[in-house]
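All remarks here apply to the structure that follows.
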Amino acid sequence: VATDKVAGKLSSTLSWVKNSVSHTVSQMASQVATPTSLQTPATSSSTSLSSPALSPSSPPQLSPDDVELLAKLEEQNRLLETDSKSLRSMNGSRRNSGSSLVSSSSASSNLSHLEEDTWILWGRIVNEWEEVRKKKEKQLKDLVRKGIPHHFRAIVWQLLCNAQNMPIKDQYSELLKMTSPCEKLIRRDIARTYPEHEFFKEKDSLGQEVLFNVMKAYSLVDREVGYCQGSAFIVGLLLMQMPEEEAFCVFVKLMQDYRLRELFKPSMAELGLCMYQFESMIQEQLPELHVHFQAQSFHTSMYASSWFLTIFLTSFPLPVATRIFDIFMCEGLEIVFRVGLAILQMNQAELIQLDMEGMLQHFQRVIPHQFDSGPDKVIQAAYQVKYNAKKMKKLEKDYTTIKTKEMEEQVEIKRLRTENRLLKQRIDTLEKESASLADRLIQGQVTRAQEAEENYLVKRELATVKQQCEEATAQLEQAKKTIRQLQQQQPQAVRRRTDNLAGRSLVAQVLLSM
């Protein structure tokens, strides 16, 4: 609180020096430099630049303790402006007791005239945002490319994506009371998000907690996307600049309006499109490198996926990635294509000499440290890259056509596979039926063979019986003849006896024939 008080007095001193700056601009600068969430009723009046007690015509009176603290703050600010590491360290402390980082004091007596002019200019831009966005869009883009002052970054990012006064902000506290099916995944990955950053590195710290809150809230709002690991780095960067409610609203806007939602969908169809467009740019503008990548089977997704999913936040030092993110907030994914191709141009000679493993190592260990001195070199190179929006639209149509054809082929393949499976099932059934018929046929043949053999035996027996019958008939005829002869010779009584014998013989013959 004491620091805030002195910062307020220091800001008032700067306001006195800048007596030409309008009262409105000073008020906006005060609002950006000192978030209202930090001010208590007891201190808000003393930290505002527009306080009636502070007149532009007379400097405020500082106590000896305040003067000593002021000197320390001036020294801190001087280091902040000259040392990027100090910048990251200062940005690592909270700006808001609940969820945002405490940025360094926005005023210093040794600010250069250029810095003062930049502050005044951005203050006017924020005050006249709608008019500037409509009538001076090109000038605004040029300013963003040069970098948004870190004290203005929170408000400007919200304005760039139109995330102010979103109705969903009122639902945030209710969303935190709900349970998300993604909570375990989010908890698991929290420690992997900016593991070396002061705000996030401690387990169960305030930074990890607010990061979890925002990711959980979004997973409840958009259940189709739910949670994707790369998105946590984007949310983490937002939390370094603004309170968690505002970070949540900005993230929702980024997902809806900046193609990020399509990138983070489970199918990641948009990432495939970006890889196709980026590879086409490499083929056109860096043909030798493209041929080398093809020869080494070094696919674009192996090194560029994280560029698009995290907007270089996992690839470059944070100050460099933040500057690129400034431009992303203004111009969208175009800056990722530009910076990506610029990186390849700058490293083409080295990459062509390496195999796949060497190229992976180069992307992971060498390229991230090429811009430790600052982002100006890579941003300047990025805008030397040829980027044709119409051609990118054509590539999008081509990719859609290719994917539609692939989908149709996949549908046809699936249909054919289904038919093949059914045919296999039918073949199996027919084979079983065929085996059954074969068994029945063999059994029938065996049966017929047995019947033929039995028939042959019966025929033999019948022939034998017929022969016996013929022999018996011949014997009978002979007997009859003999009987007739005897009848002629013997008396009537003998004849009767003979007739009886003949009758019996005839009965015996009939019995034999049966």
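Can you confirm whether LYS391 is part of a helix (DSSP H, G or I), out of contact with any Phe, Trp or Tyr (no Cβ under 9 Å at 6 or more places or on another chain) and open to solvent by 80 Å² or more (accessible area, probe 1.4 Å)? Here the answer is yes, as LYS391 does meet what is asked.
Can you spot a residue in the range 408-419 that is at pLDDT 90 or above, farther than 30 Å from GLY503 by Cα and assigned to a helix (DSSP H, G or I)?
If we filter the range 408-419 for residues that are at pLDDT 90 or above, which is where we start, we get none.
Checked the range 408-419: no residue is at pLDDT 90 or above, farther than 30 Å from GLY503 by Cα and assigned to a helix (DSSP H, G or I).
In the range 262-288, what count of residues is obtained for those that are assigned to a helix (DSSP H, G or I) and either open to solvent by 50 Å² or more (accessible area, probe 1.4 Å) or farther than 27 Å from ILE327 by Cα (or both)? Steps first, answer last, please.
Residues of the range 262-288 assigned to a helix (DSSP H, G or I): 262-264, 269-285, 287-288.
From what's left, either open to solvent by 50 Å² or more (accessible area, probe 1.4 Å) or farther than 27 Å from ILE327 by Cα (or both): 262, 269, 276, 279, 283-284, 287-288.
Number of matching residues: 8.
Condition first: under 17 Å from PHE325 (Cβ atoms), open to solvent by less than 70 Å² (accessible area, probe 1.4 Å), assigned to a helix (DSSP H, G or I) and not small (Gly, Ala, Ser). Can you find one or more residues in the range 129-140 that meet it? Yes; the residues of the range 129-140 include at least one that is under 17 Å from PHE325 (Cβ atoms), open to solvent by less than 70 Å² (accessible area, probe 1.4 Å), assigned to a helix (DSSP H, G or I) and not small (Gly, Ala, Ser).
Any residue at all in the range 436-450 that's closer than 30 Å to GLN509 by Cβ and either assigned to a helix (DSSP H, G or I) or modelled with pLDDT under 90 (or both)?
Within the range 436-450 (the criterion being closer than 30 Å to GLN509 by Cβ and either assigned to a helix (DSSP H, G or I) or modelled with pLDDT under 90 (or both)), the answer is no, since none of the residues qualifies.
The values are calculated or read from the model by the stated rules, or taken from the named source; none is laboratory data. Just so it is clear, the model here is predicted, and its values are computed rather than measured. Please note: Cβ atoms are built from the backbone with ideal geometry, for glycine as well, and neighbour counts cover all protein chains shown. Each accessible area value is taken on the protein alone, full model and side chains, heavy atoms only, with ligands, DNA and RNA left out. Shrake-Rupley method; radii C 1.70, N 1.55, O 1.52, S 1.80 Å.
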